Protein chains: 2
Amino acid sequence: MPLKNTGTEQLIKDTAKRILFAEGKLHATTQDIAEAAGVNRAALHYYFRTRDQLVACVFNESMLELSVRLGTVMASVRPFQEKIEELIAVFMKEMRAYPYQEIFLVTEINTAGVELVKDIDNMPVANFLNEIENEMSAGVIEKMNPKHFLMNLFSLLSYPFIMAPLYRQFFNLNHQDFDQLVAERKQLIYRMVFK
Amino acid sequence: MPLKNTGTEQLIKDTAKRILFAEGKLHATTQDIAEAAGVNRAALHYYFRTRDQLVACVFNESMLELSVRLGTVMASVRPFQEKIEELIAVFMKEMRAYPYQEIFLVTEINTAGVELVKDIDNMPVANFLNEIENEMSAGVIEKMNPKHFLMNLFSLLSYPFIMAPLYRQFFNLNHQDFDQLVAERKQLIYRMVFK
DNA sequence: TTTTTGTTAAACAAAAATGTTAAACAAAAA
DNA sequence: TTTTTGTTTAACATTTTTGTTTAACAAAAA
């Protein structure tokens with residue numbers, strides 16, 4: 001609980017997030033993180049006691065952040081199509097910056113055996129599912145289980161970013177060409193969901 | 001290079017794949033793997049020298065297997081629509097059994113810094129991209145960059161399996177209900193790509 | 001100024017994970 | 001049978017990673 005706040009605590013968290021979520025190095029040690037942050041490894045202990053607590057902290061913040069991001073976009077008072085547009089923009093930007101954030105969350109859940117995380121507010125999702133269903137009835141989008149609609153959307157948005165290292169292989173593309181390719185997907189996805 | 005072959009080597013590899021690809025425990029130690037396989041940890045060293053070599057072996061086999069699976073489906077001599085049907089069936093089955101295989105590959109590439117893996121045969125993919133383009137010209141499927149068509153397909157197929165632990169949270173579903181939901185996707189995806 | 005508080009680093013200690021060796025055992029070959 | 005070969009185990013050694021302690025330092029407060 002530092003009061004003077006030289007930003008070191010935040011720096012460590014941000015660095016951890018960069019290494020884990022952006023670089024996708026899920027096996028990063030405390031050394032790796034401290035080094036990348038330009039601080040002594042003991043500083044890490046000073047702020048977080050243990051590696052597990054640092055990881056737990058990053059996990060919780062990330063989980064909350066994801067929840068808030070979802071909630072904000074879904075609960076915003078705007079026409080449906082604008083909302084979807086917003087959702088695509090927000091999540092694509094996030095995936096570009098932190099492609100492995102959700103992967104980190106899932107592998108943490110798998111290793112730590114966190115079965116059901118409480119305190120997750122599902123109301124925004126539940127309400128949004130209803131809104132989707134209404135749009136389907138109105139004929140704006142294809143009729144299906146609205147959960148599928150959401151899963152489709154997030155799949156199309158997220159997966160190519162995560163698989164980039166493999167897709168560059170299989171498509172024989174360099175970084176620049178691949179980045180250009182995925183940049184095209186913003187419009188493509190929008191057109192896909194509104195058939 | 002065992003000649004007697006008691007199946008232990010294969011058992012170790014299979015167990016490693018189960019823990020890494022199926023259970024998604026990407027931090028598994030040699031202890032974890034040996035224990036799960038029911039062998040002494042030294043047996044692991046006997047067959048693979050080091051942990052890194054075991055992981056490298058699993059990585060290479062997995063990479064090859066993925067490449068072969070892709071090639072087989074894509075190069076099969078069948079009508080396009082049947083091919084897609086086959087592709088969906090094959091990859092969904094694989095994702096159900098080993099949801100984290102591609103994630104493992106990607107995170108390994110990220111940590112080991114394997115930039116470009118040589119010896120990957122891209123001809124099947126290249127040919128299939130042409131085939132897709134022809135079908136687009138024929139009006140069977142929506143016109144777009146055929147790479148997007150493939151990325152869309154694999155995204156829709158794969159992502160929900162990987163995100164299962166999170167989606168169960170956000171949708172408030174138990175395992176059984178979620179399994180039923182994703183089972184519906186086989187038909188849904190087929191209908192989606194053929195608009 | 002001295003004191004307090006927050007912060008950092010260096011050195012050390014403990015634990016965890018990995019790697020090595022040598023010996024025992026079983027089955028096939030000589 | 002004895003010998004050889006492949007396999008497995010137990011015990012030990014090393015390395016890596018993590019955690020702890022102490023002291024030093026800087027800035028604000030008294």
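Please give the per residue accessible area of the protein assembly as shown, computed with a probe of 1.4 Å over protein heavy atoms only, in Å².
Values: 19360 Å² over 390 residues.
For the protein assembly as shown, the solvent-accessible area averages 50 Å² per residue.
Scattering from the C-alpha atoms of the protein assembly as shown alone, worked out with Debye: what is log10 I(q)/I(0) at q = 0.09, 0.12, 0.13 1/Å?
-0.58, -1.04, -1.21
At a 1.4 Å probe, what is the % contribution of carbon and sulfur to the accessible area of the protein assembly as shown?
Carbon with sulfur: 51 percent of the solvent-accessible area.
Sort out the exposed loop GluC sites (Glu not before Pro) in chain A (DSSP loop, at most 14 other Cβ within 10 Å) and tell me the longest stretch that has none.
The answer is A:1-114.
Quick one: of A:K25/A:K83; B:K83/B:K143; A:K13/B:K17; A:K147/B:K93, which pairs are farther than 28 Å apart, Cα to Cα?
A:K25/A:K83; A:K13/B:K17
For chains A and B, what's the summed buried accessible area, probe 1.4 Å, to the nearest 100 square angstrom?
5200 Å²
What does the charge add up to near A:C57, with Lys and Arg as +1, Asp and Glu as -1, over the other residues with Cβ less than 13 Å from its Cβ? Present the calculation step by step, with values, prior to reporting the outcome.
On the way: positive: A:K13, A:K17, A:R49, A:R51; negative: A:E9, A:D14, A:D52, A:E61, A:E65, A:E108.
Net charge in that neighbourhood comes out at -2.
So what is the calculated 222 nm ellipticity per residue for chain A, using -39500 (n - 2.57) for each DSSP H run with n of 4 or more, over all residues, to the nearest 500 deg cm²/dmol?
After summing the helix terms and dividing by residue count, I get -22500 deg cm²/dmol.
Where does the charge balance sit around A:N127 when Lys and Arg score +1, Asp and Glu -1, over other residues with C-beta under 12 Å from its C-beta? Could the numbers behind the result be given before it?
Working: positive: A:K83; negative: A:D121, A:E131, A:E133.
Here the count lands on -2.
Quick one: divide the alpha-carbon radius of gyration of chain B by 2.2 N^0.38 Å and tell me what you get.
So the Cα radius of gyration is 1.18 times the expected 2.2 N^0.38 Å.
Shielding of A:99-109 by partners, i.e. mean partner chain Cβ atoms within 10 Å per residue?
5
Per-residue mean of other chain beta-carbon atoms within 10 angstrom of the beta-carbon, peptide B:166-179? Please report the intermediate quantities before stating the final value.
Working: counts 9, 5, 3, 12, 12, 8, 5, 1, 1, 0, 0, 0, 1, 0.
Per residue, the number of nearby Cβ atoms from other chains is 4 on average.
The values are calculated or read from the model by the stated rules, or taken from the named source; none is laboratory data. Since this is a predicted model, take the numbers as computed values, not measurements. As a convention, Cβ positions derive from the backbone with ideal geometry for all residues, glycine included, and neighbour counts pool all protein chains shown. Only protein heavy atoms, including side chains, enter the accessible area calculation; ligands, DNA and RNA are left aside. Shrake-Rupley method; radii C 1.70, N 1.55, O 1.52, S 1.80 Å.
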